[in-house]
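The values are calculated or read from the model by the stated rules, or taken from the named source; none is laboratory data. Note that the structure is a prediction, hence the values are computed from the model and not measured. As a convention, Cβ positions derive from the backbone with ideal geometry for all residues, glycine included, and neighbour counts pool all protein chains shown. Surface accessibility is based on the protein's heavy atoms, side chains included, excluding ligands, DNA and RNA. Shrake-Rupley method; radii C 1.70, N 1.55, O 1.52, S 1.80 Å.
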Amino acid sequence: MRIVVLVSGSGTNLQAVIDAVKAGELDVEIAAVGSDVPGCLGLKRAADAGIATFTVPPADYASRPEWNRALQAAVAGYAPDLVLLAGFMRILDAEFVAAFDGRMVNTHPALLPSFPGAHGVRDALRHGVKVTGVTVHLVDSGVDTGPILAQAAVPVLESDTEEELHERIKVEERKLLVETLRKLSS
Ligand code: GAR
């Protein structure tokens, strides 16, 4: 299974996938890692692992549809079987989603359908839930609305800050993501 991974930030989920592949625990080929954020740590992790990288910053395009088409073309150029959104923080338009229909997976730091969007951890904490977690799901044209593939629960502690809770979610997220990719590849 050839995958292209899209990242916007620190890339710890990407690193978990890289490590699992290197350890022979996950039979996927990471064809390339792409980002909307030039120089982000996720891109550096990919380059350090000898993986091809590409960057498609929205600021380089006159309109959002043009940016979507450019990113879509860059991803399609690697002919992936699956596109993984691992901390990719931009919304992809319907045409992009249709191009990889049923072959695009996102990981989200909350138990969907609760707390979709860019601040899943903060929103769950502010709501006062006692249990939150992580969801790995197929991407459809909505925001974090596609069919759920796997979830893991994480208890919220009284003392939690957003950062502390997110870090504990990410420990579970990395395991769940690798496990879900393993199932998909087999
Ligand atoms: C992850 O927790 C991921 O679920 C979240 O960003 C983090 C990226 O961490 N994504 C979203 O919130 C998407 N709505 P990473 O860059 O260290 O993998």
Just to be sure, is A98 without any contact (Cβ under 8 Å) to a residue 24 or more places away in the chain and either surrounded by fewer than 21 Cβ atoms within 10 Å (Cβ to Cβ) or not β-branched (V, I, T) (or both)?
no
Those residues of region 5-48 that are outside any loop (DSSP other than H, G, I, E, B), among the hydrophobic types (A, V, I, L, M, F, W, C), away from the ligand (no atom under 15 Å from the Cβ) and closer than 23 Å to K175 by Cβ come to a total of 1
Top-ranked residue of region 24-63 - restricted to ones that are polar (S, T, N, Q) and open to solvent by 20 Å² or more (accessible area, probe 1.4 Å), ranked as farthest from S10 (Cα to Cα)
S63
For V121, indicate whether it is within 10 Å of the ligand (Cβ to nearest atom), within 19 Å of F88 (Cβ to Cβ) and assigned to a helix (DSSP H, G or I).
yes
Can you confirm whether L184 is away from the ligand (no atom under 14 Å from the Cβ), farther than 20 Å from V121 by Cα and among the hydrophobic types (A, V, I, L, M, F, W, C)?
yes
Within region 167-177, the residues that are within 12 Å of the ligand (Cβ to nearest atom) and either touching a Cys at 6+ places or on another chain (Cβ under 6 Å) or touching a residue at least 12 places away in the same chain (Cβ under 8 Å) (or both) are R168, I169, K170, E172, E173, R174, L176, L177
Looking at region 69-92, I want the residues that are over 13 Å from V105 (Cβ atoms) and open to solvent by less than 60 Å² (accessible area, probe 1.4 Å) and have a partner that is among the hydroxyl-bearing types (S, T, Y) and more than 16 Å from the ligand (Cβ to nearest atom) with Cβ atoms under 9 Å, at least 6 apart or on another chain. Which pairs are those?
A70/Y61
With the condition kept exactly as written, say whether any residue in region 82-90 is within 16 Å of the ligand (Cβ to nearest atom), more than 21 Å from E172 (Cβ to Cβ) and touching an Asp or Glu at 6+ places or on another chain (Cβ under 7 Å).
yes
Selection over region 127-186 where residues are among the hydroxyl-bearing types (S, T, Y), touching a helix residue (DSSP H, G or I) at 6+ places or on another chain (Cβ under 7 Å) and either within 27 Å of V21 (Cβ to Cβ) or crowded, with 18+ Cβ neighbours inside 10 Å (or both) yields a count of 1
Members of region 146-168 found to be of a type outside the set (G, A, S), under 14 Å from the mean Cα position of the chain (by Cα) and outside any strand (DSSP E or B), listed by number:
none
Can you list residue pairs whose Cβ atoms sit under 6 Å apart, with the first residue in region 1-13 being without any contact (Cβ under 8 Å) to a residue 60 or more places away in the chain and of a type outside the set (K, R) and the second being open to solvent by less than 20 Å² (accessible area, probe 1.4 Å) and outside any loop (DSSP other than H, G, I, E, B)? Count only pairs 6 or more apart in sequence or on different chains.
none
